[in-house]
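> Have a look at this one before I ask anything.
The values are calculated or read from the model by the stated rules, or taken from the named source; none is laboratory data. All values derive from a computational prediction rather than experimental measurement. Please note: Cβ atoms are built from the backbone with ideal geometry, for glycine as well, and neighbour counts cover all protein chains shown. The protein model used for the area step is the full one, side chains on, heavy atoms only, and it has no ligands, DNA or RNA in it. Shrake-Rupley method; radii C 1.70, N 1.55, O 1.52, S 1.80 Å.
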Amino acid sequence: MALTWGVPMFDIGFDQAAGLRSDALGHGPSLMPLASPAQPALAYELLCKLATRLTAQGDAVVIIDATETEATSGQRHDGSPLGLLRALQDPSVSGLERPADGGEWLVMPGARGLQALQLTAAAGGADAALSRLFAPFASSVTVLLFAPAFDLAGLLSGLSGRALVPVLGQPQASIDAYGAVKLLHAAGLSPVLAPMHSTDMPGPVPLDQVVRTVTECAQRHLGLTLDHWPEATWAQRVPVSTISRQHRPAALANLHRTPAFDGMGAVHHGAAQSLWS
């Protein structure tokens, strides 16, 4: 992991090197989006199980938790974990792969970074945002982006990739999961249900019932036949279903036309439109 401090920040929408920082490292990182439920903590076990299964087969995993906000600039040296926004802003941050403390996988808070990437997507398209997201990471990394479905849809609209939707045995789980499926499908993504039997707190609602309810609603109201991946198959299915560099050529060709943003995600020159306009 190459990480140094004291380098001047660049405008996060105008970094022509952003899409190239990982180009020399091979095929590049890949992304698996996961839709966070209304109570994100309920799905953390799923995140950990998926990361554990992927690392057990030799994959390098980075979890970006966009339900958590990065530390402010004044807290960068207080031991707080490196946040996504800082990684996007500092061109010296590259090759991120494994945590410095020897942990199994790297976890980064990312709410503010995701907001900045959404603005990049609104101005320059999902390819440009994806290129910027991949820039700080090593080529071998699988990025698990945990964020609300609304934000994932705004970031990745138009990319025909998979997105995991956790399904839990909780009373509101069917509403959460169907809402996520609807948003992701409308954005052009292919949602996949990921039912998880919790070992710590078994849900009061049978998991099969929740999966059936969501599947039937998607078929009835969206005309969508949903896949669902049993937990035992996650480690095999995720690596071959991630969003990768195949979606990025347009970003590299158009970065010079992307308007500049400051470190807080504000648009200069009024060039970017509203995310949902």
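> Once amide H atoms are placed 1.01 Å from N in the peptide plane, what residues at a sequence separation of 5 or more from Leu96, or on another chain, have their amide H within under 5 Å of its amide H?
Ala2, Phe137, Ala138
> Using a cut-off of 15 Å between beta-carbons, work out the net charge of the residues near Lys182 (Lys and Arg +1, Asp and Glu -1, Lys182 not included).
That sum, taken over residues with Cβ under 15 Å, equals -2.
> Separate question: Which whole-number value in Å² is the accessible area per residue of region 86-165, probe 1.4 Å?
Per residue, region 86-165 has 26 Å² of solvent-accessible surface.
> Please give the net charge around Arg98, taking every other residue with its beta carbon less than 13 angstrom from that of Arg98, where Lys and Arg add +1 and Asp and Glu add -1.
Every neighbour counted, the sum reads -4.
> Also, quick follow-up: Under a 1.4 angstrom probe, counting protein chains only, how are Glu70, Glu97, Glu216 ranked by accessible area, largest first?
Glu216, Glu97, Glu70
> Right, something else. Under a 5 Å amide H to amide H cut-off, with H placed in plane at 1.01 Å, what residues pair with Ala38 once short-range neighbours are removed?
For Ala38, no residues qualify.
> In whole percent, how big is the carbon plus sulfur part of the accessible area of region 74-163, probe 1.4 Å, protein atoms only?
For region 74-163, the apolar C and S fraction of the accessible surface comes to 47 percent.
> If you don't mind, another one. Which order do you get for Leu133, Leu183 if you rank them by accessible area with a 1.4 Å probe, largest at the top?
Descending order: Leu183, Leu133.
> Top to bottom by accessible area (1.4 Å), largest first, where do Thr120, Thr55 land?
Sorted by accessible area, descending: Thr55, Thr120.
> At Ala232 and Val205, where each label point lies 7 Å from the Cα along Cα→Cβ, what is the point-to-point distance in nanometres?
Rounded to a tenth, the inter-label distance reads 2.6 nm.
> Report ³J(HN,Hα) in whole Hz for each residue of region 223-239, in order, from the Karplus equation J = 6.51 cos²θ - 1.76 cosθ + 1.60 where θ = phi - 60°; Gly and Pro get x.
So the J values, rounded to whole Hz, are x, 10, 8, 8, 7, 9, 9, x, 3, 5, 9, 4, 5, 7, 7, 4, x.
> Please work out the FRET efficiency for the pair Val240 and Gln172, using the Cβ-Cβ distance as r and a Förster radius of 41 Å; give the result to the nearest 0.05.
Here the calculated transfer efficiency is 0.85.
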